[in-house]
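Peer 1: Starting off with a structure, shown below.
The values are calculated or read from the model by the stated rules, or taken from the named source; none is laboratory data. Given the structure is predicted, the values throughout are model-derived calculations rather than measurements. Glycine gets a Cβ as well: all are built from the backbone with ideal geometry, and neighbour counts include every protein chain shown. These accessible areas exclude ligands, DNA and RNA; they are computed on the full protein's heavy atoms, side chains included. Shrake-Rupley method; radii C 1.70, N 1.55, O 1.52, S 1.80 Å.
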Amino acid sequence: MKRWLKTAAWVALLLVTAIVAAAAWYAQRALPQTDGQVTLKGVAAELRIERDEHGIPTVRAGNAHDASFGLGVAHAQDRLWQMETHRRIGAGRLAEVFGASALETDRFLRALGVRRAAAVQWQVLDAESRAALQAYADGVNAVLRQALQARPPEFVILGIEPEPWHPVDSLAWAIMMAWDLGANWNTELLRLRLALQMPVGRINELLPAYPGETLPRTADYAALFRGLKLDAGAVQTAWQRLPEIAPPSGVEGVGSNNWVVAGSHTTTGAPLLANDPHLKLSSPALWYFARLEAPGLKVAGATLPGLPGVVMGQNEHIAWGFTNTAPDVQDLYIEQIKPGDPSMYRTPEGWAAFETAAEVIKVKGQPDVPFTHRRTRHGPVISDAGTTADVLGPRAQPAYALALRWTALDADAALLSASLAMQQATSVQGFFDATRGWSAPMQNMVVADRAGRIGVVSPGRVPVRQPGNDLHGLVPAPGWEARYDWAGWVPVDETPREADPARGWIATANQRVTASDYPHYITSEWALPYRQQRIEQLLRARRQHSIDDLAAMQADEQSLAAQVLLPWLQKTESTHPLAAAAREQLKGFDGTMAADRAAPLIFWAWQRQLARGIFQDDTGAELWEKSLATRTFQDALENVLARDDAGWCDDRATPVAENCAMQSDAALARALDELQARFGADVAQWQWGGAHQARSEHRPFSRVKALAPWFEQRVPVGGDTHTVNAARVGLRPDATTGELYLHEHGASLRAVYDLGDPAQSRFMHSTGQSGIVFSPLFRHFVQPWADVQYVPVWPRGAPEQVLVVKPGP
């Protein structure tokens, strides 16, 4: 018996050893070859990919084709799974690998027709852009065919093989990036839903105009929708079924900061430029840093895996950075279906046939799902996804369909051409000229050149709405009325712009960028101006700025928005057992959202409960939880509290007539209950960073409890939705963990550029260069990013690794 046990123990030990050895062998094989020599088909001449200690490659090529090819190689080596998810999102093919849980998203993406639009755009694209995309795809595919030693772990776990990359995959991802930065259609749908519960005037108080302005005067769209007999209960069902690819309306913190300072206001006498685009945090990061060098090209900065070229960065002559303009470039149209003939819809000229096509959606572990998509004269019928069908009448026989008009789906959108031209510009004016072909997403682009000029331009295709359009793109419009059709575009040279202002600097933070006398309508949904106001405070605080000053500004955690509401919190009269301790922590609190303080946590828990207490009884709990719970309601709260508006502060569900002070008191009590249950009764030990953790989500393993700690990346941070160091506060419990106050949208990268001494330029993104979990570079940037530290834009010293790529069969 003892001998048997001893033998079994040895067998078990050998088995464990073999498993560990096999895992170690696989982990090593999954990492790319980054040193030595490799022969790849498709490269025209020898090129070098030189990586520094941070894994940032410098692609040194003999021509532009090979520079794009080399970037494709680097992306495929370090971010292959990320590219696979990008491809599947653009094509609506997530359910193939993720199963039935992704079917709703696939339906929506198929109805939207992103890849169909990309395929059309590819056919009409200019020759230079086609060449760059094809060279890039050739580089990716060369890795797949000849240099992939082992699939990254996501492929292995899910049991799939990487597919060849096609230029259309790149264009589809470019459209999806425009979607993330311009999806205001869901705010239209939200207003529709609210219009079935409250009058337009009350909606305008809940979703108010930009501070100091009024919303465009509209027709009574609440009466319009009632007249169309849209069912309130069915609309509510539609909101519950919106897929995640459609971000909740009013996602605050999805914007950016940028500013540029003229040499007259810098310590070096040359311009300085700062940029931090705010996007959803992901694991790996959305961005991949790279440097490209070829005859006539020397550029470094942020690239997007799946696309050739540098999106934002610095070349030998200029530096540039983006913020989102958030224009209204999407309109929803209610298309009336012909009674008795669902193949026809109503137009101003009479009945017309839907364009239709059948597809098949593959679902892992389940039978294929047939899907038919339709298109009207306005665009794709998104209600065909099934996620909004109930808005439009009885499920069995809907009276209406919902179509989307969006600039980025146009055949001539040419989302890549201008970007390739911008990275080669040699002056501010040359950059302005390069942006003329930019269509979407509309961005506020600051730029500086080595000659000392600075500027900002906001290029993009913005629709002109007709004078008779009395809905102004704020809500879905009747598609059979011609007055709601677009009438053209804002002229290319009349989009917002400015060069060399006398004040010596330019800054944008998604605030209104047009003057009161600007002749064109861009949007009514500018971001609240608190980040912009704080940036302006800091720029005016000293006569001259250094590059370190710009970096310090990016780390600033002072919330001017909190200062507006804070007096209400400070005068609460709560009898809660922890109220006295909470007031002690709030002493001296000025809105600085420091990660190691309790006051920001108390403030945000109170504001969340206050908004819920004031508004939820009017909107209804289901709509609130699905969409509105993600909003701070900062602007609406400010207005309601300033008026001491009993019409909002009274809770309709109680017999008591509550006022705003009572709501504030009750909000603090609920907030303290919530925080005590999570963090204990010692208020002095509470910390904002304990709840406010930056979470970079991994698709799909953040939702797999056993795998999330390996693939997801987290770090405690300060800041909030309205600080310059933007860290949007999650106000709805996380769907997987139930956590509140997570930070999942914010500074996806930070960069500061010195035009006088490019060696001082620096940048940082949120995770690490590698997307392979076994790599030491997978989490390499997480803590430095949280600490607002940087790495050099341009290489210093000899490379750590050099891969020589030679042409071959």
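Peer 1: Output the residues belonging to segment 30-47 that are more than 15 Å from residue 146 (Cβ to Cβ) and out of contact with any helix residue (DSSP H, G or I) (no Cβ under 8 Å at 6 or more places or on another chain).
Peer 2: Passing the criteria: 31, 35, 46.
Peer 1: Considering segment 146-166 alone, what residues qualify as being surrounded by 23 or more Cβ atoms within 10 Å (Cβ to Cβ) and either among the small types (Gly, Ala, Ser) or assigned to a helix (DSSP H, G or I) (or both)?
Peer 2: The one that is surrounded by 23 or more Cβ atoms within 10 Å (Cβ to Cβ) and either among the small types (Gly, Ala, Ser) or assigned to a helix (DSSP H, G or I) (or both): 154.
Peer 1: For segment 254-266, name all the residues that are at pLDDT 95 or above, touching a strand residue (DSSP E or B) at 6+ places or on another chain (Cβ under 8 Å) and not in a strand (DSSP E or B).
Peer 2: 262, 265
Peer 1: Continuing with this model, one more query. Any chance segment 267-277 includes a residue that's assigned to a strand (DSSP E or B) and surrounded by fewer than 24 Cβ atoms within 10 Å (Cβ to Cβ)?
Peer 2: Among the residues of segment 267-277, not one is assigned to a strand (DSSP E or B) and surrounded by fewer than 24 Cβ atoms within 10 Å (Cβ to Cβ), which makes the answer no.
Peer 1: For the subset of segment 317-346 comprising residues that are assigned to a strand (DSSP E or B), polar (S, T, N, Q) and touching a residue at least 40 places away in the same chain (Cβ under 8 Å), which member is surrounded by the most Cβ atoms within 10 Å (Cβ to Cβ)?
Peer 2: My answer is 323.
Peer 1: Name the one entry in 699, 695, 678 that is touching a helix residue (DSSP H, G or I) at 6+ places or on another chain (Cβ under 7 Å) and either modelled with pLDDT under 95 or basic (Lys, Arg) (or both).
Peer 2: Checking each option against the conditions leaves just 699.
Peer 1: Among the listed residues 403, 418, 434, 425, identify the single one that is within 24 Å of the chain's Cα centre (by Cα) and either closer than 28 Å to residue 512 by Cβ or in a loop (DSSP other than H, G, I, E, B) (or both).
Peer 2: Going through 403, 418, 434, 425 in turn, the sole match is 418.
Peer 1: Here's something else I'd like to know. Given the criterion surrounded by 14 or more Cβ atoms within 10 Å (Cβ to Cβ) and more than 27 Å from residue 274 (Cβ to Cβ), identify the matching residue among 550, 538, 474.
Peer 2: From the options 550, 538, 474, the qualifying one is 474.
Peer 1: Right, next: Hey, can you tell me all the residues within segment 662-687 that are open to solvent by 50 Å² or more (accessible area, probe 1.4 Å) and either within 11 Å of residue 613 (Cα to Cα) or in a helix (DSSP H, G or I) (or both)?
Peer 2: Once the filter is applied, which keeps residues that are open to solvent by 50 Å² or more (accessible area, probe 1.4 Å) and either within 11 Å of residue 613 (Cα to Cα) or in a helix (DSSP H, G or I) (or both), segment 662-687 yields 662, 670, 673, 676, 677, 678, 679, 684, 685.
Peer 1: Please state which of the following conditions residue 767 fails to meet, knowing it meets all the rest: (1) more than 19 Å from residue 548 (Cβ to Cβ); (2) out of contact with any Pro (no Cβ under 8 Å at 6 or more places or on another chain); (3) in a loop (DSSP other than H, G, I, E, B).
Peer 2: With (1) more than 19 Å from residue 548 (Cβ to Cβ); (2) out of contact with any Pro (no Cβ under 8 Å at 6 or more places or on another chain); (3) in a loop (DSSP other than H, G, I, E, B) applied to residue 767, the lone miss is (2).
Peer 1: Here's something else I'd like to know. I'd like to know if segment 95-103 contains one or more residues that are acidic (Asp, Glu), open to solvent by less than 10 Å² (accessible area, probe 1.4 Å) and in contact (Cβ under 8 Å) with a residue 60 or more places away in the chain.
Peer 2: No, the conditions are met nowhere in segment 95-103.
Peer 1: On to the next question. Take segment 687-717 and flag every residue that is of a type in the set (A, V, I, L, M, F, W, C) and under 13 Å from residue 729 (Cα atoms).
Peer 2: Selection gives 688, 691, 694, 717.
Peer 1: Conditions first: (1) touching a helix residue (DSSP H, G or I) at 6+ places or on another chain (Cβ under 8 Å); (2) free of Cβ contacts under 8 Å to residues at least 60 places away in the same chain. Residue 572 passes all but one, so which condition is the exception?
Peer 2: If we test residue 572 against (1) touching a helix residue (DSSP H, G or I) at 6+ places or on another chain (Cβ under 8 Å); (2) free of Cβ contacts under 8 Å to residues at least 60 places away in the same chain, just (2) comes out false.
Peer 1: Sticking with this one: State yes or no: is residue 497 surrounded by 15 or more Cβ atoms within 10 Å (Cβ to Cβ), basic (Lys, Arg) and farther than 14 Å from residue 256 by Cβ?
Peer 2: In short, yes.
Peer 1: Determine which member of the set 140, 120 is open to solvent by 10 Å² or more (accessible area, probe 1.4 Å), within 26 Å of the chain's Cα centre (by Cα) and either among the hydroxyl-bearing types (Ser, Thr, Tyr) or more than 25 Å from residue 707 (Cβ to Cβ) (or both).
Peer 2: Of the residues listed, the single one that is open to solvent by 10 Å² or more (accessible area, probe 1.4 Å), within 26 Å of the chain's Cα centre (by Cα) and either among the hydroxyl-bearing types (Ser, Thr, Tyr) or more than 25 Å from residue 707 (Cβ to Cβ) (or both) is 120.
Peer 1: Tell me, please, whether a residue that is within 24 Å of residue 207 (Cα to Cα) and assigned to a helix (DSSP H, G or I) can be found in segment 650-660.
Peer 2: yes
Peer 1: Name the single residue, out of those in segment 624-640 being open to solvent by 10 Å² or more (accessible area, probe 1.4 Å) and in a helix (DSSP H, G or I), that is modelled with the lowest pLDDT.
Peer 2: My answer is 626.
Peer 1: Can you run down the residue pairs with Cβ atoms below 9 Å, 6 or more apart or on separate chains, where the first is in segment 347-360 and free of Cβ contacts under 8 Å to residues at least 24 places away in the same chain and the partner is of a type in the set (S, T, N, Q)?
Peer 2: Short answer, once both residue conditions are applied: 353/343; 355/376; 356/343; 356/372; 357/372; 358/372.
Peer 1: In addition: Residues of segment 573-588 being open to solvent by less than 20 Å² (accessible area, probe 1.4 Å) and not in a loop (DSSP other than H, G, I, E, B), which ones?
Peer 2: 579, 582, 586
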